[in-house]
Number of protein chains: 2
Amino acid sequence: MEIIVAKNSGFCYGVRRALETARRTRRRCAGRVLTLGDIIHNPRVIADLEKQGLRSVQNPAAVNGGTVIIRSHGVAPEIYRILKSKRASVVDATCPIVKKIQELVARLAEQGQEIIIVGNPAHPEITGLLGYSRGRARIVESEALARALPQKKSRAVLAQSTQDIFLFGRIVAAVLERTDELQVFNTVCRFTRTRQKSTSELASQVDTLFIVGGKNSSNTAKLYEISKRILPNTHFVESAAQITPRLLRGAKTIGISGGASTPPEAIAEAVAKIKNSFDRHSQRESMVQWQS
Amino acid sequence: MEIIVAKNSGFCYGVRRALETARRTRRRCAGRVLTLGDIIHNPRVIADLEKQGLRSVQNPAAVNGGTVIIRSHGVAPEIYRILKSKRASVVDATCPIVKKIQELVARLAEQGQEIIIVGNPAHPEITGLLGYSRGRARIVESEALARALPQKKSRAVLAQSTQDIFLFGRIVAAVLERTDELQVFNTVCRFTRTRQKSTSELASQVDTLFIVGGKNSSNTAKLYEISKRILPNTHFVESAAQITPRLLRGAKTIGISGGASTPPEAIAEAVAKIKNSFDRHSQRESMVQWQS
């Protein structure tokens, strides 16, 4: 049996950076250190951070002094003002790529352009971006919503940094049917693009594919959808424990991929679980390949 | 039985205008009057014009004085220079919508932008547009060609005025996978958009659909493809004579559509042929509805 791990599976640059910032801040600051919202969409990492004394608070109005870490998804300008009024010391771990998208939204809003943001309206990155739009942005998460837009001379379109690049393309095509002149900013970050591309390529090579990660992670769920479209035999598991012998029955080539919030250890554990399960029932040894 | 004729079937604004210009020029000019290329992609109209003494010449270098009419598709700047050197008096019937696309290509080329033109490389409108691009344009006619483009920071995309709007959208989506920042100009003209939209809506309402027009007309062929994708029982006919009883067998609701170069009479004849064929074999009268 062969196991292939997709390129760029696991923690992306922005998430790794935010986690390091959080841990460093916890070590250096004597007082209370909070993260505004869960710093990562992964229950396991969150449990580990809580053990180190890093708790999260959902509502900025509930803050009272101390140190507050802004997570990689970023927040609306209003949130910085609230935290200031609560005398909190802010450590900003917004992903630099998301920061650039926030600046783009602000610039387009200033130009008076109508902005279409392709993304999940419930995702914190999108809530943050909306805060920079001066009310000029609409969130569009499906082709059907795009087709319901009124005809317009000019629009700008951009995407959540972890958007499914293929769905983004299809939504842009639908917006184009309603717009004469369209500025399209492909703000899907290159880590996401590479991960989605390598996962979809892997899905057409293997007979079974596991997406490892938190079910509440938007970008991991998108990887699952991308792979499932190509390979119906794709499974979304939160940890190696969920990879049962039943799911491995008859498998010869197995792919593994994980989202931006999937810790490298979770990927390694999934590989080990599959490898052990095979080696125990076979004379031959399984081969593992990490794409790079 | 019901017959429904799609909105905007038959001669578009640009074609009607070019034909009127050609006939008026023929009446007013005493000397030789030529059209540069067939003024319309329709053998029947061409035969009619020839009877009126309006012949076409393919090569501008073969012109020697006289009056030359530029057809609605437009030509490259070089062609005007050649005609001038041949002492021809030029009557320009370029469609004003195509003229605007030519100006757009010239402006983008001047800005140093890479230009992707979505269209048929063999179509005269595209040959004309290329002449304004200073070598900065690439013709892309398929998603596969778009996916073969190298990664680039910035590009502009526009379309042949009679491009299939749905294919244009899919190609834009593919170009977006290879580009960070994309300016998209939806240059598919509104007559084409309405015609394609009403034809595709009609294809999902009727059980049989006839596309009437010249097989060498690019935009008529696109209507056929759009309809055929939705309704396999779509037929491409050059004239009413090709609508045989076999094709009408079992039909209850019949759609008719035609391209920008399909004369209104050809549509009317198709309606009459179907109506007669039905009324002859039935007690009831067929209903005809012209969408507007």
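The values are calculated or read from the model by the stated rules, or taken from the named source; none is laboratory data. Since the model is a prediction, treat every value here as computed from it, not as a measurement. Cβ sites come from the backbone with ideal geometry, for glycine too, and all protein chains shown count toward neighbours. The area values use the complete protein model at the heavy-atom level, side chains included, leaving out ligands, DNA and RNA. Shrake-Rupley method; radii C 1.70, N 1.55, O 1.52, S 1.80 Å.
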Per-residue HN-Hα couplings for the range B:211-224, Karplus 6.51 cos²θ - 1.76 cosθ + 1.60 at θ = phi - 60°, whole Hz, x for Gly and Pro? 9, 9, x, x, 5, 8, 8, 4, 6, 6, 4, 5, 4, 4
Once chain A is represented by equal point scatterers at the alpha-carbon sites, with solvent omitted, what log10 I(q)/I(0) does the Debye formula produce at q = 0.10, 0.13 Å⁻¹? -0.60, -0.93
What is the set of long-range amide H partners of residue B:159 at a cut-off below 5 Å, with H atoms built 1.01 Å from backbone N? B:118, B:187, B:188
Using alpha carbons only: equivalent-ellipsoid semi-axes of the range B:16-100, gyration tensor based, whole Å: 18, 16, 11
Per the rotation taking chain B to chain A, min distance Cβ-to-axis on chain B (residue, whole Å) equals B:173, 2
Normalised by the residues of the range A:1-108, what does the relative contact order come to in percent, with Cα pairs under 8 Å and at least six apart? 27 percent
Set A:7/A:152; A:252/B:152; A:153/B:7, cut-off 31 Å on Cα-Cα distance; pairs above it are A:7/A:152; A:252/B:152
In square angstrom to the nearest 100, the accessible surface buried at the B/A interface, both sides summed with a 1.4 Å probe, amounts to 1500 Å²
Heads up, I need the accessible area for residue B:180: 1.4 angstrom probe, whole protein in place, Å², nearest 10. 50 Å²
Phi-derived 3J(HN,Hα) across the range A:74-80 with the Karplus relation (6.51, -1.76, 1.60, θ = phi - 60°), rounded Hz, x for Gly and Pro, is x, 9, 5, x, 4, 5, 4
Residues whose placed amide H lies under 5 Å from that of residue B:236, excluding near-sequence neighbours: B:211
Given charges at beta-carbon only (K, R positive; D, E negative), |dipole| of the range B:190-271 in Debye: 280 debye
Remind me, relative contact order of chain B in percent, using alpha carbon pairs under 8 angstrom and six or more residues apart? 24 percent
Treating only the Cβ atoms of Lys and Arg (+1) and Asp and Glu (-1) as charged, compute the dipole magnitude of chain A about its Cα centre; round to the nearest 20 debye. 700 debye
Determine ³J(HN,Hα), in whole Hz, for all residues of the range B:249-257 in sequence, where each value follows from phi through the Karplus function 6.51 cos²θ - 1.76 cosθ + 1.60 and θ = phi - 60°; x replaces Gly and Pro. 4, x, 5, 10, 10, 10, x, 10, 9
Tell me the distances, shortest first, between residue A:286 and the same position across the other copies, using label points 7 Å along Cα→Cβ, in nm to one decimal. 6.5
Candidates B:31, B:74, B:128; GNM for chain B (alpha-carbon contacts under 10 Å) flags as most fluctuating B:31
Please report, for the Cα atoms of the protein assembly as shown, the Rg to one decimal and the Dmax as a whole number; what are they, in angstrom? 30.4, 98
In nm, one decimal, shortest first: how far is the label point of residue A:121 (7 Å from Cα along Cα to beta carbon) from the matching points in the other copies? 4.5
To two decimal places, what compactness ratio does the range B:129-174 give when its Cα radius of gyration is scaled by 2.2 N^0.38 Å? 1.17
What is the percent carbon and sulfur in the accessible area of the range A:1-122, measuring with a 1.4 Å probe over the protein chains and ignoring ligands? 48 percent
Determine the shielding of peptide B:186-195 by partner chains: average, over its residues, the number of Cβ atoms on other chains within 10 angstrom of each Cβ. 2
Could you tell me how many degrees, from 0 to 90 and to the nearest 10, lie between the Cα long axis of helix A:165-176 and the main elongation axis, the longest principal axis, of the Cα atoms of chain A? 40 degrees
With a 1.4 Å probe and all protein chains left in place, how much accessible area per residue does chain B have, in Å²? 45 Å²
So what's the net charge close to residue B:87: Lys and Arg +1, Asp and Glu -1, counting the other residues with Cβ under 14 Å from its Cβ? +4
Considering only the label points, 7 Å along Cα→Cβ from Cα, what distances in nm to one decimal separate residue B:77 from the same position in each other copy, shortest first? 4.4
What are the residues whose amide H is under 5 Å from the amide H of residue B:142, where those residues sit 5 or more places off or on another chain and H is modelled from the backbone? none
In terms of solvent-accessible area of protein heavy atoms at a 1.4 angstrom probe, what is the ranking of A:71, A:23, highest value first? A:23, A:71
So if we plug the beta-carbon distance of residue B:50 and residue B:147 into 1/(1 + (r/R0)^6) with R0 = 51 Å, what FRET efficiency do we get, rounded to 0.05? 0.70
Viscosity 0.692 mPa s, temperature 37 °C: give me the Stokes-Einstein translational D for the range B:147-292 in µm²/s, with Rh taken as the Kirkwood radius over C-alpha pairs. 195 µm²/s
Using a Gaussian network model of chain A whose springs link C-alpha atoms within less than 10 Å, name the residue from A:176, A:129, A:202 with the highest mean-square fluctuation. A:176
Computed about the Cα centre, the charge dipole of the range A:1-128 from +1 Lys/Arg and -1 Asp/Glu charges at the Cβ has a magnitude in debye, to the nearest 20, of 740 debye
More than 24 angstrom apart: percent of Cα pairs within the range A:80-239: 41 percent
Given a Förster radius of 45 Å and the C-beta distance between residue B:229 and residue A:284 as r, what FRET efficiency does 1/(1 + (r/R0)^6) yield to the nearest 0.05? 0.40
Charge sum, other residues only, whose C-beta stays under 15 Å from residue A:178's C-beta, Lys/Arg counted +1 and Asp/Glu -1: +4
By the scheme Lys and Arg +1, Asp and Glu -1, what is the net charge of all other residues having a beta-carbon under 10 Å from that of residue A:287? 0
